[in-house]
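The block underneath contains the structure these notes are about, expressed in structure tokens.
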Amino acid sequence: MISLSRRAAFGATAALVLPRFAVAQGTSTSDQRPTITIAVQKVANTNTLETLREQSNVGSRTWNSYGETLIEQSWSGDLGLKPALAESWRRIDDRTVELTLRDGVRFHDGRVMTAEDVAFSFGPERMGWNLTVEQARNLFGTVPGRTQGRTPPPEVLAVARRTFPAFEKIEVVDARRVRFVNRVPDVTLEGRISRNVGMIVSRAAFEAAPTWLDWARRPVGTGPYRVAEFRPDQVLVLEAFDEYWGGRPPIARLRFVEVPEVASRINMLLTGEADFACDMPPDQIGTVERNPRHQVVGGTIMNHRLTVFDKNHPQLANPLVRRAFTHAIDRQAIVEALWGGRTVVPRGLQFEFYGAMYQRDWEPPRHDPAEARRLLREAGYRGEPIPYRLLNNYYTNQVATAQILLEGWRQAGLNVQIEMRENFPQVLSREGQRGVRDWSNSASFNDPSASITSQHGPQGQQWQIGEWRNDEFGRLSQELDTSTDRARRGVVFRRLLEIAEREDPAYTVLHQSVNLTAKRRDLAWQPVQSFVMDFRSRNWGA
Amino acid sequence: MLRFLLGRIGRAALTIAMVVTFAFVVLRLSGDPAQIIMGADAPPEAVDAFRTAWGLDQPVWVQYFHYFGAILSGDLGRSMRDGRDALVLVTERIPATLALTLPALLIKIGLGIPAGIYAALHRNSLADRIVMVVAVAGFTVPSFVLGLLLVLVFAVQLGWLPSGGQEGWRHAILPVITLGLGGAAVLARFTRSAMLEVLGQPYIRTASAKGVPWRAVVTRHALPNAAIPTVTIIGFMVGSLIAGAVVVESVFSWPGVGRLLVVAVANRDLAVVQCILLLVATTMVCANLVVDLLYGLLDPRLRSAPRRAGA
């Protein structure tokens, strides 16, 4: 039996404890960076972090902290394109862009980013280009990890096809150069590459994941923060990736905590449990800013709020009725009453950052109830009910906006019936009769094809779900996406606006969207013109 | 006693089967999980493939018998969102919910019953009126209002406690109080009225007239007889332990079974919703069974009633 004196025992204990204490102290003193908590209404709609699956507004907040694209959109600047993982790019021809990769970029798993990783990120294994329905059949029908492997779900392919409708291949030229090749000419290829779908990921990490779901919940990218913990429906914790090519990140840990109630998010901010609270309705600005330590920041973003139509409805089949809808909306009243003038009524589905393509003289439908009534008389509309499937404030102020819309439509003689729904698939469901609904459209790069054709053209959601189609619009969408004649593209875009907003309305724009974030006033962080939240050094501190 | 017990167990099993059936039918009538889970962008053939894979293309009665058979073999199905075992998903959340509901149950019992007894024994006194005003307020104020008020005072104004989340015992204090106060109010009202009814009975007067000390009258004669309605309410509260905090968990962002239920219902994640409802029904039925047995212990007349009726 071993016998120990008290002194020896004390010494042994000290020998065990002191080094740990010293290490702990060393860790805490070397990293003075803060932990930042962001209260969000939802971390991810799909409970995954793979941008090919999570295409939501809420997902936009987090992805660019752990992922990056070759080219990035300058959301905080002039909204132009700028180098990211590609330090430069050039056009080889109308169909091909050659990108030179940045040197010394590392993935979160420590591996150096290679041209092969870039090719893999756009390849069939990740984007599902070769996916068949038969392969999709077993996706959620069997136990993940047992049979399905890393085959992506079918919606991944749908998103990839919509983003890169004419993708042909990606070629590795040498260790630092890749070529993105399209099947047809496309002047917007660089913009498409900048979309979050083109996040560059580690091939080795993807192949090491037991299942696609495991991968999608812990993607390995190159962003300044890596995924430390993701508990679906609860919290996403990102931690600083100190080998980030852009320099040491300024925050030790980023915690995106799911707090569904807006009042609870504000309370977390006011009590100091959260440093940011997202999705603030404008009527809460006063509540937040009564405390001098807090402020609400943000403004308009590159997103439009819309009302969209289903042409299959017996009354809405007549474009005169849809035009009556568009003239019965007092858009300025919505902007003033619900947004306190913080947003604007845009000139249709377009943004000024489209540059030469922006149609400066295009006008939204004027608020003219008399014209709306005249159109309804001409259409022979006799007050037949038209359903309006509505979500409970998925969009900020959604229900209040619906009430204003409903009153305007009622005054014009339209009999619109609200039908509350719980989620988007219920709104879009073909069961029962669809009529009008709410939507929003983002422009993720500076060209009309980022919005009007990708959302309403043949690859867009409205067309795909059978809500609206117009043959001329389809042909012109194809031309806008493939033409390299800039003057002709301008003409085509204007014609697309004429069709979708006047002649055969697919939608009507209500106002530009606003994104408001409550935060600690002492944090030097600026919102950008998107749902994206940037926590890099360039947007943190003085 | 055995027949009494078997009868109660048989009724409990029947109740659970009815709940399972009702939940199954209602969930299948209230929306297509394939469309919701696959998302709006999924092509129609993929949605059809999903339905086939999960058997949703089968007639409802075929699905029902498959489901019921699986339950009997202990398989409660898998989450349609990520393929995980529904029972595992739910049981992972139960500790978080019990961390709120168990202490809240102690508050309900520890505060509600003494307050109700005290109010009954001091009927029409100032204390009685105060207890009843507080009880009525606690009973009528919705839990989300009470929760937000408590957050406003103790988290925002005083800064003593956190306003939400689940990061330690301090985070549980406000949701536990929110749950506990409402239930204590209910128990106080029931206990008071039960006690008042018993105190007005002839045997209480007789005991008093025979010179039995008042304390003994209350503890030996009044309390056991007043316990039956109170035990019924407590049984209901015990039955609500697993999913009785849906609103409070949402207000305090507490990741328990209630929050899981809200998310699962919104996504029509059938197996998860059915699993939660099955567990809730089982807990409720078990609690009622225990209450029934306690009735027999508390009141011997109930124990012998079936035999007498059959004689």
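Screening the range B:136-225 for helices (runs of 4 or more DSSP H) wholly inside it with 2 or more residues that are within 23 Å of the chain's Cα centre (by Cα) and either surrounded by 19 or more Cβ atoms within 10 Å (Cβ to Cβ) or away from every other protein chain (no Cβ under 14 Å) (or both) returns the ranges B:143-150, B:169-199. Between a first residue in the range A:419-448 that is within 12 Å of chain B (Cβ to nearest Cβ) and crowded, with 22+ Cβ neighbours inside 10 Å and a second residue that is assigned to a strand (DSSP E or B) and among the charged types (D, E, K, R), which pairs have beta carbons less than 6 Å apart while being 6 or more apart in sequence or on different chains? Within 6 Å, the pairs are A:R437/A:R389.
One residue stands out among those in the range B:72-97 that are crowded, with 17+ Cβ neighbours inside 10 Å and aliphatic (A, V, I, L, M): the one that is nearest to the chain's Cα centre (by Cα), which is B:I94. Evaluated against (1) more than 14 Å from every other protein chain (Cβ to nearest Cβ); (2) at pLDDT 90 or above, B:G74 falls short on exactly one condition, (2).
Selection of the range A:93-109 for residues being modelled with pLDDT of 95 or more and assigned to a strand (DSSP E or B) yields A:T96, A:V97, A:E98, A:L99, A:T100, A:L101, A:R106.
Per-residue answers, yes or no, for (1) more than 30 Å from B:E249 (Cα to Cα); (2) of a type in the set (D, E); (3) within 14 Å of chain B (Cβ to nearest Cβ); (4) not in a helix (DSSP H, G or I):
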{"site": "A:V187", "(1), (2), (3), (4)": "yes, no, no, yes"}
{"site": "A:E190", "(1), (2), (3), (4)": "yes, yes, no, no"}
{"site": "A:L213", "(1), (2), (3), (4)": "no, no, yes, no"}
{"site": "A:G221", "(1), (2), (3), (4)": "yes, no, no, yes"}
{"site": "A:R226", "(1), (2), (3), (4)": "no, no, no, yes"}
{"site": "A:I251", "(1), (2), (3), (4)": "no, no, no, yes"}
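On the basis of being at pLDDT 95 or above, closer than 18 Å to A:N446 by Cβ and touching a helix residue (DSSP H, G or I) at 6+ places or on another chain (Cβ under 8 Å), does A:L480 make the cut? Answer is no for this residue.
No other residue among B:I234, B:I242 is β-branched (V, I, T) and under 23 Å from B:R81 (Cα atoms) apart from B:I242.
Please work out which residue is farthest from the other protein chains (Cβ to nearest Cβ), limiting yourself to the range A:267-308 and to residues that are small (G, A, S) and out of contact with any Leu (no Cβ under 6 Å at 6 or more places or on another chain). The selected residue is A:G299.
Under 7 Å between Cβ atoms, which residue pairs at least 6 apart in sequence (or on different chains) link something in the range B:258-270 that is facing another protein chain (nearest Cβ under 10 Å) with a partner that is among the basic types (K, R) and part of a loop (DSSP other than H, G, I, E, B)? Every condition considered, the pairs that remain are B:N267/B:R81. Pairs under 7 Å by beta carbon, first residue more than 16 Å from B:L293 (Cβ to Cβ) in the range B:224-247, partner buried (at least 18 other Cβ atoms within 10 Å of the Cβ) and among the small types (G, A, S), six or more apart or different chains? From residues that are more than 16 Å from B:L293 (Cβ to Cβ), the pairs are B:A226/B:A194; B:P229/B:A194; B:M237/B:G183; B:A243/B:G258; B:A245/B:G256; B:A245/B:G258; B:V246/B:G258; B:V247/B:S143.
The single condition among (1) outside any helix (DSSP H, G or I); (2) within 14 Å of another protein chain (Cβ to nearest Cβ); (3) surrounded by fewer than 22 Cβ atoms within 10 Å (Cβ to Cβ) that A:R469 does not meet is (2).
Here's the yes/no breakdown for (1) among the charged types (D, E, K, R); (2) out of contact with any strand residue (DSSP E or B) (no Cβ under 7 Å at 6 or more places or on another chain); (3) modelled with pLDDT under 95; (4) not assigned by TED's automatic domain parsing to the domain that holds A:F256:
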site: A:R195; (1), (2), (3), (4): yes, yes, yes, yes
site: A:V201; (1), (2), (3), (4): no, yes, no, yes
site: A:A204; (1), (2), (3), (4): no, yes, no, yes
site: A:R217; (1), (2), (3), (4): yes, no, yes, yes
site: A:V227; (1), (2), (3), (4): no, no, no, no
site: A:R231; (1), (2), (3), (4): yes, yes, yes, no
site: A:V235; (1), (2), (3), (4): no, no, yes, no
site: A:A240; (1), (2), (3), (4): no, no, no, no
site: A:E243; (1), (2), (3), (4): yes, no, no, no
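Please pick out the residue among A:G59, A:G77, A:G67 that is surrounded by fewer than 20 Cβ atoms within 10 Å (Cβ to Cβ) and closer than 24 Å to A:G191 by Cβ.
Matching residue, one of A:G59, A:G77, A:G67: A:G77.
Among the conditions (1) outside any loop (DSSP other than H, G, I, E, B); (2) of a type outside the set (K, R); (3) buried (at least 22 other Cβ atoms within 10 Å of the Cβ), the only one that A:P152 does not satisfy is (1). For the range A:498-519, residues that are in a helix (DSSP H, G or I) and in contact with a Phe, Trp or Tyr (Cβ under 6 Å, 6 or more places away or on another chain) total 1.
Of these, A:G348, A:G341, A:G298, A:G286, which one is over 20 Å from A:N393 (Cβ atoms) and at pLDDT below 95?
Of the residues listed, the single one that is over 20 Å from A:N393 (Cβ atoms) and at pLDDT below 95 is A:G341.
Going by what's in this entry, would A:R373 be described as basic (K, R) and within 30 Å of A:V491 (Cα to Cα)? No. Here A:E258 clears all of (1) without any contact (Cβ under 8 Å) to a residue 60 or more places away in the chain; (2) among the acidic types (D, E); (3) within 14 Å of chain B (Cβ to nearest Cβ) except the condition numbered (1).
The values are calculated or read from the model by the stated rules, or taken from the named source; none is laboratory data. Note that the structure is a prediction, hence the values are computed from the model and not measured. Note that we place each Cβ from the backbone using ideal geometry, even for glycine, and neighbour counts take in every protein chain shown.
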